[in-house]
1. Examine region 64-72 for a residue that is buried (at least 20 other Cβ atoms within 10 Å of the Cβ) and within 16 Å of the ligand (Cβ to nearest atom), and state whether such a residue exists.
2. What is the residue count in region 136-172 for residues that are closer than 21 Å to residue 260 by Cα and in contact with a Leu (Cβ under 7 Å, 6 or more places away or on another chain)?
3. Going by the structure shown, is residue 56 over 16 Å from the mean Cα position of the chain (by Cα), within 13 Å of residue 244 (Cα to Cα), among the small types (Gly, Ala, Ser) and not in a strand (DSSP E or B)?
4. Could you identify the single residue in 232, 205, 181 that is assigned to a loop (DSSP other than H, G, I, E, B), free of Cβ contacts under 8 Å to residues at least 60 places away in the same chain, of a type in the set (S, T, N, Q) and surrounded by 15 or more Cβ atoms within 10 Å (Cβ to Cβ)?
5. Taking only region 161-178 into account, find how many residues are part of a helix (DSSP H, G or I) and modelled with pLDDT under 95.
6. For residue 102, which of the numbered conditions (1) within 16 Å of the ligand (Cβ to nearest atom); (2) modelled with pLDDT of 95 or more fails to hold?
7. Within region 235-255, is there a residue that is in a helix (DSSP H, G or I) and closer than 21 Å to residue 76 by Cβ?
8. Look at residue 19 and say whether it is modelled with pLDDT of 95 or more, within 11 Å of the ligand (Cβ to nearest atom), in a loop (DSSP other than H, G, I, E, B) and buried (at least 24 other Cβ atoms within 10 Å of the Cβ).
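The values are calculated or read from the model by the stated rules, or taken from the named source; none is laboratory data. It should be emphasised that the depicted structure is a prediction, and the values quoted were computed from it without experimental measurement. Virtual Cβ from ideal backbone geometry, glycine too; neighbours counted across all protein chains shown.
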Amino acid sequence: MDHSPAPDAPILFFDSGLGGLTVLGPTRALLPTAPIVYAADYAGLPYGEKSNEELAARVPALLGRLVERYQPRLAVIACNTASTIALTHVRAALDLPIVGTVPAIKPAAALTKSGVIGVLGTEATVRQPYVDDLSAQFASDKTVLRHGSPALVAAAEAKLNGRPVDTDEAAERAIAGLRDQPGGDAMDVIVLACTHFPLLQDELQAAAGADVRLIDGAAGIARRIAHLTEGQPWPAEVAPGIAVFTRSDDRPPPPPAALAPYGIGRIETI
Ligand code: DGL
């Protein structure tokens, strides 16, 4: 039996909002003609303030609808919060390869010289036992500081949606949330453990200072997607991608110009 997907079968990216675009970017660089569906759960944003129970039910159900509608060859949960809480549930519910997003604690532990690492994520992500396990497995001889910043998620969304927002202030507060903890002065690596945060890379780097390395998992996820789809057929030419947003009265989809740099040419709502 031939398991090869049709050339136009898309890769589905999923996030609560626009953070997953930071994973889509490096993936398109590796697989330029890959058909793309980018799904954002605007009706559920922000995930970082939801309970584990709510996300463990919501994410697999929504991904199930999206998979039925777009028939992707592979789905990427381009969201740390959804991955750390719901990845196992999604894999159990759906019969296609699922790539998750894991806080980059392992590479951070290899990079730090001072032995102090910061993990910046959503409030939900930083409290997960999954982060305890990663720290115990890869950074047991390091100090791992954690801080959850819903304000950074809101600032990244506002920035891409063209709404006025003080992104510098949001970044400074988030970095202070790590640095003001015991040992924080020595922190030399920060893991951006929320896919929204690289959208504020410059602001966060300025707030952290040039001596601090900011790292995220996007390039590694892109390589993983390329590896899992190796040898599969792709379209000969690039076609515009689709972005799909869950319908929300308070949060309309972003302007097309915000998505165009990511190869998105059509916006839908469900
Ligand atoms: N982008 C998401 C993450 O990586 C979460 C943002 C949110 O909805 O709170 O964790």
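1. No, the conditions are met nowhere in region 64-72.
2. Going through region 136-172 one residue at a time, the tally reaches 5.
3. No: the conditions fail for residue 56.
4. Numbers: 232 fails: free of Cβ contacts under 8 Å to residues at least 60 places away in the same chain; 205 fails: assigned to a loop (DSSP other than H, G, I, E, B).
Being assigned to a loop (DSSP other than H, G, I, E, B), free of Cβ contacts under 8 Å to residues at least 60 places away in the same chain, of a type in the set (S, T, N, Q) and surrounded by 15 or more Cβ atoms within 10 Å (Cβ to Cβ) holds for just one of 232, 205, 181, which is 181.
5. From region 161-178, those part of a helix (DSSP H, G or I) are 167-178; that's our starting set.
Subset that is modelled with pLDDT under 95: none.
The number of residues fulfilling the criteria is 0.
6. Just one mismatch for residue 102, condition (2).
7. No; the residues of region 235-255 include none that is in a helix (DSSP H, G or I) and closer than 21 Å to residue 76 by Cβ.
8. yes
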